[in-house]
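Report on the structure given below.
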Amino acid sequence: VFKFLNAKVKKLYNQRLKPSKLAWTFLYRKQHKKDKTEEFARKKRRVAKSASNRSITGVSVEVLQKKRSEKVEIRQAARDAALREIKERNTKAKAEKSSSKKSEVSKTKVANKGAKPAKGGKR
């Protein structure tokens, strides 16, 4: 059993008109955002994350702070020294490799000097 507010509403219901398509109804106003009540809703604030200093595996917080406060020139000098040391190590390794190869080649030449070539041709 339906109880309508007035004859106008009853007639529109019997015509099967949707309330959301009638501009003066509550459903229409809600669907088309005509209400002013939602404007006063508070906006959500974002909580600013504070940066915290944590130690990394193998490095303490104090060491990190010290490195951060170092001047750029000091950091650059340390980097250059490390690169120089790596380059020297590589050149030494190359020199040792080449000298060992030369000695092996000379040993094989001495061993092959007295030997005669094998008889026969390609076939």
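The values are calculated or read from the model by the stated rules, or taken from the named source; none is laboratory data. Since the model is a prediction, treat every value here as computed from it, not as a measurement. Cβ: placed from backbone, ideal geometry, glycine included. Neighbour counts: every protein chain shown. Heads up: the accessible areas ignore ligands, DNA and RNA and are worked out on the full protein's heavy atoms, side chains in. Shrake-Rupley method; radii C 1.70, N 1.55, O 1.52, S 1.80 Å.
Computed quantities for the displayed model
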| read-out | value |
| --- | --- |
| Proximal lysines relative to Lys97, as straight alpha-carbon distance under 30 Å, when same-chain residues fewer than 8 apart are discounted | Lys87, Lys107, Lys109, Lys113 |
| Read-out P(r) over Cα pairs in 5 Å bins from 0, in percent, derived from the coordinates shown; its label in (i) 2, 11, 16, 18, 16, 12, 8, 6, 5, 3, 2, 1, 0; (ii) 2, 9, 13, 14, 13, 12, 12, 10, 7, 4, 2, 1, 0, 0; (iii) 2, 6, 6, 6, 6, 5, 4, 4, 4, 4, 4, 4, 4, 5, 5, 5, 4, 4, 3, 3, 3, 3, 2, 2, 1, 0 | (iii) |
| The chain - mean residue ellipticity at 222 nm from DSSP helices (-39,500 (n - 2.57) per run, n ≥ 4, rounded to 500) | -17500 deg cm²/dmol |
| Area of Leu12 that stays accessible when all protein chains are in place (1.4 Å probe, Å², to 10) | 30 |
| Solvent exposure of the chain as accessible area per residue, Å², 1.4 Å probe | 109 |
| Straight-distance crosslink candidates among lysines, where the alpha carbon sits under 25 Å from Lys33 and sequence neighbours closer than 8 are dropped | Lys8, Lys18, Lys21, Lys43, Lys44 |
| Per-pair calculated FRET efficiency, R0 = 41 Å: Glu70 and Lys102 via Cβ, rounded to 0.05 | 0.35 |
| Exposure rank, largest accessible area first [Glu85, Glu73; 1.4 Å] | Glu73, Glu85 |
| Most fluctuating residue given options Glu70, Glu104, Glu62, as computed from a GNM of the chain linking Cα atoms under 10 Å | Glu104 |
| Top of Lys92, Lys18, Lys101 by mean-square fluctuation, Gaussian network on the chain, Cα under 10 Å | Lys18 |
| Rounded percent of accessible protein surface that carbon and sulfur make up, the range 37-103, 1.4 Å probe | 54 |
